[in-house]
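Chemist: Can you read through this structure? Questions will come right after.
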Amino acid sequence: MNDVGGKLDEAIEAPVRLHVEPYVSKAYAREEKDKLWSKVWQLACREEEIPNPGDYYTYDILDQSFIVLRAEDGGIVAHHNVCRHRGKRLTSGTGHVSHLHCGYHGWQWNLRGENIRVLNKEHWCGGLDKVDLSLASVKVGRWGGYVYINLDPDCEPLEEFLAPVIDVIGPLDLGGMRYKWRKWLRYPANWKVVTEAFIEGYHAPATHPQTAKFGTGVTAGSAEGIHAKMWAVGVEGGGIGTGIGATSTHKPKDLPFLGIQQAAETVWANYSETLLEAARLTAQALPESATPAEVGADLMRRAHAIDAARGVEWPEVAPEHMARVGINWHVFPNQVILPNLTFALGFRVRPDGFDPNSCITEIYALERYPDGLEPKTEWVESPDITSKEQWPLLLRQDFRQMHEIQQGMVSGSIEYMYPNPLQEAGVVNFQRNLADYMGCCAPEVL
Ligand code: FES
Ligand SMILES: [Fe+2]
């Protein structure tokens, strides 16, 4: 059983109501800048997006922009993307530079952010020597192949902020994975509505009816400090694709293949070709009477061997630890990860400026590849939420719902929402911790 599965009563939170204000209020959206985004560790990019010295990624949030840069020594630094002469942006998107250059009047900085050129500096008659013309820098932290920044010079170390996440997901070595695909769109809902859709499983039966077929049944959310985890109730094994659902009528030996095939077709993620092939072989080889534990062990052994033969090394993680991983993690405030041993699905949802009714949603799949054999990928804008070419079924199903949630909250017809105290406990945890930052709108016990 899942380690938390045996303590269901403890996992159920006190029932609460959530106010709609954080999702719809223009004033609240503005206040998020000073009270949340200026204080919190936030995901800027993945290391693989800036592999070499001089590579940069321009991270934009609200009305601010930052240059996240690989330095000469392989370290990563981040500067405010604002020229010290008169404020112009220095970079946009991603690219490679030997130094930073302002296209307006030509001032320049080295990768450490120190000013190296002011055109006609003599005209200041020494006045500029009294001024530090370095680009303003912000704190950088790295974990799991992710690069985080924090605008608060007095913030806690990233390792403390992420402690429960690092403890449980760390051994899965997400840093050893690379993008399989990555897509984004501007979506008409608050960034928290979209984030929350990916941290609760309560909507699965109605929104994703296909998942009940081979799926995990009821899921639960539980707080992991400021973050939260979603896990399947009464399931052996951990993580999508390796869990053997308790709710299915199929033979245990057939379930992994059916479930993994479904993930391949309807999520385009949460599986690897290796796992699919191993599951096919397991279904062929094992007797009808094989137990879920035997099926899981056989599947893992085969997948491990197939990957080893192609040069993909798995991290060593005990089955008991995999049970602690669960299905997915909310990394406060706006990152979601569905981690597994050789693949992961991830989300980042940013506000779209100060508009509470719009957000920028990024979704990507990671996979562990043989050294140097990862595919070349780019961020692909995929704005058509009904297109079968642009988005897999599961995500199209979510896209169909979330903007109508936003419309309902904006309409003024409801003031409060009533999250499921077990299955949407991750949402409650999110709102509770967000309220600590914002100083308002905490969940109210019914
Ligand atoms: S604004 Fe950048 S050099 Fe003038
Ligand atoms: Fe969903």
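Chemist: Where does each of 101, 19, 123 land when they are ordered by accessible area, with a 1.4 Å probe and the largest first?
Modeler: If we order 101, 19, 123 from most to least accessible, we get 123, 101, 19.
Chemist: Compute the FRET efficiency between residue 435 and residue 136 as 1/(1 + (r/R0)^6), taking r as their Cβ-Cβ distance and R0 = 45 Å, and round to the nearest 0.05.
Modeler: For R0 = 45 Å, the calculated efficiency reads 0.90.
Chemist: Hey, another quick one. Leaving ligands, DNA and RNA out of it, work out the accessible area of residue 249 with a 1.4 Å probe and give it in Å² to the nearest 10.
Modeler: 140 Å²
Chemist: For residue 60 and residue 371 in one chain, what is 0.36 nm times their gap in residues minus the Cα-Cα distance, to one decimal in nm?
Modeler: Taking residue 60 through residue 371 to full extension adds about 108.9 nm, to one decimal.
Chemist: Sticking with this one: Calculate, in nm to one decimal, what residue 38 and residue 116 gain on full extension: separation in residues at 0.36 nm each, minus their alpha carbon distance.
Modeler: Stretched out fully, the residue 38 to residue 116 stretch lengthens by 25.2 nm.
Chemist: Let me ask something else. Cα centroids of region 360-439 and region 66-143: how far apart, whole angstrom?
Modeler: 35 Å
Chemist: I would also like to ask the following. Could you sort the peptides 159-168, 113-122 by per-residue average Cβ neighbour count (10 Å cutoff), highest mean leading?
Modeler: Ranking, from highest mean packing down: 159-168, 113-122.
Chemist: Another question about this same structure. What is the spin-label model distance, in nm, from residue 251 to residue 206 if the labels are put 7 Å beyond Cα along the C-beta direction?
Modeler: Once both label points are built, they end up 3.7 nm from each other.
Chemist: Find how much the distance from residue 393 to residue 413 grows on full extension, using 0.36 nm per residue of separation minus their present alpha carbon separation; answer in nm with one decimal.
Modeler: Roughly 4.1 nm would be gained on extension.
Chemist: Determine which residues of region 259-275 fall in the zone a paramagnetic label at residue 310 would reach in this model, i.e. backbone nitrogen under 11 Å from the point 7 Å along Cα→Cβ.
Modeler: Once the point is set 7 Å along Cα→Cβ of residue 310, 272-275 turn out to lie under 11 Å by backbone N, inside region 259-275.
Chemist: Over the heavy atoms of residue 409, what accessible area does a 1.4 Å probe trace out, to the nearest 10 Å²?
Modeler: Only protein atoms counted, so the area is about 10 Å².
Chemist: Here's another thing I want to ask about it. Provide 364, 416, 104, 202 ordered by accessible surface of protein heavy atoms (probe 1.4 Å), highest first.
Modeler: Ranked from most to least accessible, the order is 104, 202, 416, 364.
Chemist: Separate question: Between Rg and the Kirkwood Rh of the chain, both from Cα atoms, what is the Rg to Rh ratio?
Modeler: 1.00
Chemist: For 229, 130, 26, 139, give the ranking by accessible area with the largest first, probe 1.4 Å.
Modeler: Descending order: 130, 26, 139, 229.
Chemist: Straight distance only, please: which lysines reach the Cα of residue 183 with their own Cα at less than 23 Å, same-chain residues fewer than 8 apart left out?
Modeler: Reachable lysines: 192, 376, 388.
Chemist: Quick check on my link table: of 88/121; 213/253; 88/130; 33/139; 35/130, which ones sit more than 24 Å apart, alpha carbon to alpha carbon?
Modeler: 35/130, as the Cα separations exceed 24 Å there.
Chemist: Calculate the FRET efficiency for residue 404 and residue 17 from the Cβ-Cβ distance with a Förster distance of 22 Å, rounded to the nearest 0.05.
Modeler: Using R0 = 22 Å, I get an efficiency of 0.65.
Chemist: Taking the simple approach of a point 7 Å from Cα along Cα-to-Cβ for both residue 128 and residue 318, what is their distance in nm?
Modeler: Taking the two extended label points, one gets 6.1 nm.
Chemist: Assuming a viscosity of 0.692 mPa s and a temperature of 37 °C, what translational diffusion coefficient in µm² per second does Stokes-Einstein assign to region 273-385, Rh being the Kirkwood radius over Cα pairs?
Modeler: 193 µm²/s
Chemist: Counting Lys +1, Arg +1, Asp -1, Glu -1, what net charge surrounds residue 223 among other residues with beta carbon under 9 Å of its beta carbon?
Modeler: Counting the neighbours of residue 223, the net charge comes to 0.
Chemist: May I have the pair-distance distribution P(r) for region 42-161, computed from all Cα-Cα distances with 10 Å bins from 0 and rounded to whole percent?
Modeler: The percentages, shortest bin first, are 13, 45, 30, 11, 2.
The values are calculated or read from the model by the stated rules, or taken from the named source; none is laboratory data. Since this is a predicted model, take the numbers as computed values, not measurements. Don't worry about glycine lacking a Cβ; one is built from the backbone with ideal geometry, like all the others, and counts go over all protein chains shown. In case anyone asks, the SASA skips ligands and DNA or RNA and just uses the protein heavy atoms, side chains included. Shrake-Rupley method; radii C 1.70, N 1.55, O 1.52, S 1.80 Å.
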